[in-house]
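Written below as structure tokens is the structure these notes are about.
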Amino acid sequence: MSTDISPQNEQYIQEAVARGVFHTRSEALDAAIELLRRRETVIREVNAGIEQIERGEVVPLDIQRMKAEIHKSLAEGGAGE
């Protein structure tokens with residue numbers, strides 16, 4: 001299958017492969033597509049969050065409560081161990 005990309009991007013891919021960042025051109029293109037997919041997911045999730053805010057579906061952030069929960073968790077040995 002052929003992929004048409006700009007000469008600048010083609011050069012970047014070739015250089016990345018030469019530097020050992022990717023083993024092949026295909027691997028570099030696969031990584032780029034994966035990043036695009038992740039970007040789309042983040043954009044969808046951010047937009048969903050904005051819509052929730054606009055509908056008033058939010059709870060105020062309680063920093064003091066969060067700090068207390070973190071301190072309690074750390075005291076109980078819950079530092080992600």
Simple Cβ-charge dipole of the stretch 7-75, Lys/Arg +1 and Asp/Glu -1, about Cα centre, in debye nearest 20: 260 debye
Dipole of the stretch 7-75, positive end: most advanced residue of S73, I63, I13 [Cβ charges, Cα centre]: S73
Distance (nanometres) between label positions extended 7 Å along Cα→Cβ at I70 and V21: 3.4 nm
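Each value in this text was obtained by applying a stated rule to the coordinates, not by laboratory testing. The structure presented is a predicted model; accordingly, all values stated were derived computationally and were not measured. Cβ coordinates were reconstructed from backbone atoms using ideal geometry, including for glycine residues, and neighbour counts include every protein chain displayed.
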